[in-house]
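> I am attaching a structure below and will ask some questions about it afterwards.
The values are calculated or read from the model by the stated rules, or taken from the named source; none is laboratory data. Worth saying up front: this structure is predicted, and the values here are computed from it rather than measured. So basically every Cβ, Gly included, is an ideal-geometry build from the backbone, and we count neighbours across all protein chains shown.
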Amino acid sequence: MAKRFSIRQQTGFTTIACACFFLLYLPIAVLVIFAFNESSSVSDWGGFSLRWFVAAWSNQQVVDASWRSLKIASSAAIIATIAATMAALATTRTRTYRGLTFKYAFINQPLMVPEIVTGVALLIFFAQIKIASGYNGLGYLIAAHTAFCIPFAYLPIRARLENMDLTLERAAADLYATPWKAFRRVTLPLLWPGIIAGLMLAFVISLDDVVITEFVKSGGQDTLPTYMLGQIRRGITPEVNAISTVFLLLSVVIVTLFFFLSRKRD
Amino acid sequence: MATAAEIEKQAEAREIRTRWYLSAPALIIILLAASGPLLIVLLYSFLTPGPYGDVQWKFSTEGWVSVFLERDIFDDTLSFASAHLTIFWRSLKLALMATVATLVFGFPTAYFIATRSERTRDIWLFLITIPFWTNLLIRTFAVLQVIRNEGLINTALINLGIIDQPIQMLYTDFAIMVGMVYVYLPLMVLPLYASMEKLDFRLVEAGYDLYATRWQVLKRIIFPLVRPGVVAGSILVFIPAIGAYVTPSVLGGGKNMMFANLIELQFGQGRNWPLGAALSITVMAIVMMALLVYVRNTAGSEVRHG
Amino acid sequence: MNLKSMSMAAGLALLASTSLASAAGELNIYNWGNYISPDMIKKFEKQFDVKVTVTDYDSNDTALAKVRQGGTGFDVAMPSQTYVPIWIQEGLILETNPGGMENFKNVAPQWANPAFDPGRKYTVPWAWGTVGVVVNTDVYQGDINTWKIVFDTPDELKGKVNVVPEMNDVLHAAIKYVGGEQCTGDKEVLKKVRDVLVAAKPNWIAMEYNTIEKMGAGDFKATSDWNGSALRQRLKNPAIHYGYPTEGFQYWSDNVVVLKEAKNVENAKLFQNFMMDPENAAMNSAFHRYANGIAGSEKFMPADMTSAPEVVVPEEFKKNGEILQTCAPEVTALYTKIWTELQK
């Protein structure tokens, strides 16, 4: 045993992790490859072509739906993450107080309802507001998405907070830092990985939603998933692969940018 | 000394008030755009089905009765609604299996990411989420392309001469499990990572110094420390998995209903909104109770250190 | 704090940018996904200087539920014939009297006075078709004009048959198969129906919608399906044929209606009239691959459609078809129970 194991490694963990990453990307690779298919099938290879990218790009409905999806997902994820962070701070590291369990159950409640039910409930509720106010913009979709994104953002943040060391914050308080300062300088940096995890989860969850969106949307408010739902019923073409490929590319670009920016700040 | 106690009491009251303010935005958003409207569903569960969907404003408990009992349409006998139970059990079983499977795969993956150098951790983390920029339907379809008879795996195996007939993977329970793990993996990995990232590896080291085996270290040291992450991850996978139906129907073939399909049927072609509402509240109540029990039990045994 | 102010600004900007300006020249169409020709939309936009927005729905029930609640902002929708009477009865659609419109003369006689909208007071034909069986004849060479393919599957096709999971379509087919009348509430018949379905299910591989791709790739060797879908499959693989079950099959039709809450009623009426023009209807058919019920549109249709046995029902089979009606609520309740039993 020339090289004894590293403390940080567990037997087989690296193998499983690598297998996970491989399997995670295998279907994605197939998806991307067929985006460049010449034929109109998503399973038979007919030669290389960019026609489906051109088709998607010139399809106004697709372009609009893509932008709308990104708009809704980013608004909902940001608002949900802020609300969830505050709620997590309020519900962890405390003795049990009246209403704590209630809060916990309430915040996680959107998780527990089948989407179709939330969809129908919101349809009925929002329809009344739409009729009364005359406003039927994207606000309803953002509100609905924010609500079901909150538990997804809340849980990782809470998990992070739960066994976070109080010593540093106490030290900060002892040094007469205002609660806000102590939060910004001490708690927030420590909490950051949880917040990022929550934000990313909320974002992809919003980007994924079909059923609730289907019921809440008004005229001209198709998102990419609701658009694709219609396509799938009547036969999909590699156009869907092409759009997905663009989204993947976009995610890589955004993530890379984010990565370098945060590096710089450090 | 009464004053000191009073001051402490006041401080505590103030703290609780602050905690309510802090949680207010989340509670209000959920109240307005998720929970509040559900009261409508509760109300609807006690009304009479409209002839073509929706409800008539006439009180009825028929919706609730038919959650549990069904009148045989042929011999008119009243019996336990076994179809509903079968369907619910299927969803529950699948969700449990999916949770365990994502934990088995997600735990090592999260551990792997958490033990990378600080510089590369974020990259690995992003790698987990990138596939999820394509939506659920498309992701499921991508899995389908890999495991179907003419798919990547079968084609490769045939070309390598390992098999001559494609293995039927699509439309089996295996396919559903693969799909569920695939779809829900990041929901497990992200919270796990969030609690592992700050794991104190000196404790792990100490464990090895005391001649603990790797399994013991894992079980006695690492696992208890990351328990909040395991709890969060399990909840995030289990609950959506109970309501899952896209993945089961695309990869499993849709011959058998999931609970969400049953509910959808009532709000759709079945035109029995009160039954749909009652079914949803039933599943919600069961999940909510299970969650509270789970959280209570796990919260009690949390390890605090430092 | 940074994050917070940023998101608030973003939120406000979004709210501001997305409130719909209700300009005069607009038309909001609510339609099935992938069911309207983009070229035809462009033509309509150009001809009337109207900006058209298309939003998709995925089922008749979703569309009905949403429109019934209101506040949707849609002007035009395309419900199927079994739903049209419900929309009318619930007061969701405007009586635009297409029967009196300029282009009404083009409507084919068999669609000019349908039972679901006598005298065409509300609706304009959009597309019509049939539900039958699709078989890959490389695998099975026997008679394909029968529901036996699905309900008494020949050995060659066992474990390779798909059924499209539309409750009413499947129930209708099964009722016809056992010799019943559509929308029947007769317990004797329904018992047979249930037994047939439950016995047939083990021979099915799946119950899903994605048939074009799966039949093309060979995952399925037979399926129940809509005719337009069958046409697309045959164009991919000439061995795939569409059968009109002699036990009885259904005709369906989707129809253009104007919503009562429409904000752009005049444009919506223009659109209804526009759709009864043979050239426009043909343009649309070329895209969605279904017939349209407008006489004279054949002239403008692609050649692979005008001669297609999937689109033009062969004379010998015509008598076996019937237009599917709206079943009574108590009958639907029975069907739902059988369906749950089947899929439990």
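> Condition first: at pLDDT 90 or above, on the phi < 0 side of the Ramachandran plot and in contact with a Pro (Cβ under 6 Å, 6 or more places away or on another chain). Can you find one or more residues in segment A:196-217 that meet it?
no
> Residue check: is B:Phe126 at pLDDT below 85, more than 29 Å from B:Leu236 (Cα to Cα) and either outside any helix (DSSP H, G or I) or out of contact with any strand residue (DSSP E or B) (no Cβ under 7 Å at 6 or more places or on another chain) (or both)? Step through it out loud before you land on a result.
Numbers: at pLDDT below 85: yes; more than 29 Å from B:Leu236 (Cα to Cα): no; either outside any helix (DSSP H, G or I) or out of contact with any strand residue (DSSP E or B) (no Cβ under 7 Å at 6 or more places or on another chain) (or both): yes.
Criteria not met by B:Phe126.
> Ok, one more. Of these, B:Ser117, B:Ser66, B:Ser35, which one is under 30 Å from B:Leu190 (Cβ atoms), crowded, with 16+ Cβ neighbours inside 10 Å and of a type in the set (S, T, N, Q)?
Working: B:Ser117 fails: crowded, with 16+ Cβ neighbours inside 10 Å; B:Ser66 fails: under 30 Å from B:Leu190 (Cβ atoms).
None of the other options fit; the residue is B:Ser35.
> Can you pull out the residues in segment A:220-239 that are more than 7 Å from every other protein chain (Cβ to nearest Cβ) and over 23 Å from the mean Cα position of the chain (by Cα)? Quick ask: steps written out before the conclusion?
Our first condition is that a residue be more than 7 Å from every other protein chain (Cβ to nearest Cβ); within segment A:220-239, this holds for A:223, A:237-239.
Answer for segment A:220-239, where residues must be more than 7 Å from every other protein chain (Cβ to nearest Cβ) and over 23 Å from the mean Cα position of the chain (by Cα): A:Thr237, A:Pro238, A:Glu239.
> Does segment A:92-142 hold any residues that are at positive phi, more than 14 Å from chain C (Cβ to nearest Cβ) and over 27 Å from the mean Cα position of the chain (by Cα), and which are they?
Restricting attention to segment A:92-142, the residues satisfying the condition of being at positive phi are A:93, A:99, A:134.
Still in the list and also more than 14 Å from chain C (Cβ to nearest Cβ): A:93, A:99.
A:Gly99 - this is the single residue of segment A:92-142 that is at positive phi, more than 14 Å from chain C (Cβ to nearest Cβ) and over 27 Å from the mean Cα position of the chain (by Cα).
> Taking the condition of being assigned to a strand (DSSP E or B) and either within 14 Å of chain C (Cβ to nearest Cβ) or under 30 Å from the mean Cα position of the chain (by Cα) (or both), how many residues in segment A:36-53 meet it? Outline the logic, then answer.
At the first step, the residues of segment A:36-53 found to be assigned to a strand (DSSP E or B) are A:37, A:48.
From what is left, the residues that are either within 14 Å of chain C (Cβ to nearest Cβ) or under 30 Å from the mean Cα position of the chain (by Cα) (or both) are A:37.
Total satisfying the criteria: 1.
> How many residues does segment A:44-63 hold that are out of contact with any Asp or Glu (no Cβ under 6 Å at 6 or more places or on another chain) and either surrounded by 18 or more Cβ atoms within 10 Å (Cβ to Cβ) or among the β-branched types (Val, Ile, Thr) (or both)?
Here is the first cut: in segment A:44-63, the ones out of contact with any Asp or Glu (no Cβ under 6 Å at 6 or more places or on another chain) are A:44-45, A:48, A:50-51, A:53-54, A:57-63.
After this cut, where a residue has to be either surrounded by 18 or more Cβ atoms within 10 Å (Cβ to Cβ) or among the β-branched types (Val, Ile, Thr) (or both) as well, the list is A:53-54, A:61-63.
Looking only at that region, the number is 5.
> Restricting the first residue to segment B:1-20 and requiring it to be free of Cβ contacts under 8 Å to residues at least 12 places away in the same chain, which pairs with a second residue that is among the hydroxyl-bearing types (Ser, Thr, Tyr) meet a Cβ separation below 9 Å and a spacing of at least six or different chains?
Filtered contacts from segment B:1-20: B:Glu12/A:Tyr97; B:Glu15/A:Thr94; B:Glu15/A:Tyr97; B:Ile16/A:Thr94; B:Ile16/A:Tyr97; B:Arg19/A:Thr91; B:Arg19/A:Thr94; B:Arg19/A:Tyr97.
> Going by the conditions given, is C:Asp39 over 24 Å from C:Trp252 (Cβ atoms), touching a helix residue (DSSP H, G or I) at 6+ places or on another chain (Cβ under 8 Å), more than 10 Å from chain A (Cβ to nearest Cβ) and at pLDDT below 95?
Values: over 24 Å from C:Trp252 (Cβ atoms): yes; touching a helix residue (DSSP H, G or I) at 6+ places or on another chain (Cβ under 8 Å): yes; more than 10 Å from chain A (Cβ to nearest Cβ): yes; at pLDDT below 95: yes.
Criteria met by C:Asp39.
> Also, I was wondering about something else. Which members of segment B:231-259 meet the condition of being more than 9 Å from every other protein chain (Cβ to nearest Cβ) and among the aliphatic types (A, V, I, L, M)?
B:Val237, B:Ala241, B:Ala244, B:Leu251, B:Met258, listed by residue number.
> Please pick out the residue among C:Asn97, C:Asn106, C:Asn113 that is away from chain A (no Cβ under 14 Å), at positive phi and either surrounded by fewer than 22 Cβ atoms within 10 Å (Cβ to Cβ) or at pLDDT 95 or above (or both).
Numbers: C:Asn106 fails: at positive phi; C:Asn113 fails: at positive phi.
The unique qualifying residue is C:Asn97.
> Report, by residue number, each residue of segment A:198-219 that is more than 11 Å from chain C (Cβ to nearest Cβ) and of a type outside the set (S, T, N, Q).
Listed by number, the residues that qualify are A:Gly198, A:Met200, A:Leu201, A:Ala202, A:Phe203, A:Val204, A:Ile205, A:Leu207, A:Asp208, A:Asp209, A:Ile212.
> Another question, if that's okay. Within segment C:206-251, take every residue that is hydrophobic (A, V, I, L, M, F, W, C) and surrounded by fewer than 20 Cβ atoms within 10 Å (Cβ to Cβ) and give me the one that is modelled with the highest pLDDT.
Filtering segment C:206-251 for residues hydrophobic (A, V, I, L, M, F, W, C) gives C:206-207, C:212, C:215, C:217, C:220, C:222, C:226, C:230-231, C:235, C:239-240, C:249.
Subset that is surrounded by fewer than 20 Cβ atoms within 10 Å (Cβ to Cβ): C:217, C:235, C:239.
Numbers: C:Ala217: 84, C:Leu235: 90, C:Ala239: 96.
If we take residues in segment C:206-251 being hydrophobic (A, V, I, L, M, F, W, C) and surrounded by fewer than 20 Cβ atoms within 10 Å (Cβ to Cβ), then C:Ala239 is modelled with the highest pLDDT.
> I need the full set of residues from segment B:21-35 which are more than 7 Å from chain A (Cβ to nearest Cβ) and not aliphatic (A, V, I, L, M), in order please.
Hit for segment B:21-35 is B:Tyr21, nothing else.
> Shifting gears a bit: Yes or no: B:Val231 under 21 Å from A:Asp209 (Cβ atoms), in the same structural domain as B:Phe107 (by TED's automatic domain parsing) and in contact (Cβ under 8 Å) with a residue 12 or more places away in the chain? Steps first, please.
Working: under 21 Å from A:Asp209 (Cβ atoms): no; in the same structural domain as B:Phe107 (by TED's automatic domain parsing): yes; in contact (Cβ under 8 Å) with a residue 12 or more places away in the chain: yes.
Against the criterion (under 21 Å from A:Asp209 (Cβ atoms), in the same structural domain as B:Phe107 (by TED's automatic domain parsing) and in contact (Cβ under 8 Å) with a residue 12 or more places away in the chain), B:Val231 does not qualify.
> List the pairs whose first member sits in segment C:169-185 and is part of a loop (DSSP other than H, G, I, E, B), whose second member is crowded, with 23+ Cβ neighbours inside 10 Å and not β-branched (Val, Ile, Thr), and whose Cβ atoms are under 6 Å apart, counting only residues at least 6 apart or on separate chains?
Within 6 Å, the pairs are C:Gln182/C:His172.
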